[in-house]
Amino acid sequence: MRSARHPRRWFRWALALAWLIFLPELVYWCAARFANQGYALGGSLPSDTCSVLVLGFPTRADGSPSPIQRYRVETGAAVFHRENCGLMIVAGGSPHSPYVEAETMAQLAMEAGIPREDLILETRSRNTRENIRFSLPYLERKMPVFLVSDPLHVLRAKRYWCDERPDLCSRAFPRTAYRPFSLYWMKWAGLIGETGIRVRDAWTEPVKGVALDRPASRP
């Protein structure tokens, strides 16, 4: 009887371990599938000139691009080329390091084939909501807009977009890419972080109406 219980115990431990290993992959896969159904959230396939907003992420301490910056820009460049867009904005100031996120990502974007004249840098935002808020004046000219980031983050960006401009909610479409077991530990960090932010946002009201006193810049 005692020996019969041991295999079950090991099976339960193995099952729990497998669940922990695959949990972030499952969440990110589901989030990516949901995000990339963007047109079902409020529109039909766009046929006019579009734009891409690549959301920011900190540059490494030595000034080199972080893996997440590379991932987001690569995803954004793929969307830009596939949809034949006319504008890409890379967003992010320098709230977490001396290096401006948008400048680092702009270099990656040009290396990915985005024409210099089609790039705008939004260099003063400190967070995701400001990425969107400070980019909106430029994106209004080039609708629809594809919001590009990793799967959980891009869904939050869509929510913030709709908070900022409810009248344009149906003109913004999340776009992301799921890469199995790529950036695995960052997926765990993203899962925990986005869960905490979702709880925080549920208890706070968005701050609106900040003056746009300095324009974005071109590289």
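The values are calculated or read from the model by the stated rules, or taken from the named source; none is laboratory data. Computed from a prediction, not measured in an experiment: that's the story for all the values here. FYI the Cβ positions are ideal-geometry reconstructions off the backbone, even for glycines, and counts take in every protein chain you see.
Taking the options Ala102, Ala40, Ala14, name whichever one is more than 20 Å from Ala189 (Cα to Cα) and at pLDDT 95 or above. Testing whether each residue is more than 20 Å from Ala189 (Cα to Cα) and at pLDDT 95 or above leaves just Ala102. For the subset of region 190-219 comprising residues that are touching a helix residue (DSSP H, G or I) at 6+ places or on another chain (Cβ under 9 Å), surrounded by fewer than 17 Cβ atoms within 10 Å (Cβ to Cβ) and of a type in the set (Gly, Ala, Ser), which member is modelled with the highest pLDDT? Here the residue is Gly193.
Within region 130-189, the only residue that satisfies the criterion of being crowded, with 24+ Cβ neighbours inside 10 Å, more than 16 Å from Ala31 (Cβ to Cβ) and hydroxyl-bearing (Ser, Thr, Tyr) is Ser135. When each of Phe181, Phe173 is tested for being modelled with pLDDT of 85 or more, within 17 Å of Leu20 (Cα to Cα) and touching a helix residue (DSSP H, G or I) at 6+ places or on another chain (Cβ under 7 Å), the lone residue that passes is Phe181. Taking Ser47 as the residue in question, decide whether it is within 30 Å of Ala102 (Cβ to Cβ) and either in a helix (DSSP H, G or I) or modelled with pLDDT under 70 (or both). Against the criterion (within 30 Å of Ala102 (Cβ to Cβ) and either in a helix (DSSP H, G or I) or modelled with pLDDT under 70 (or both)), Ser47 qualifies.
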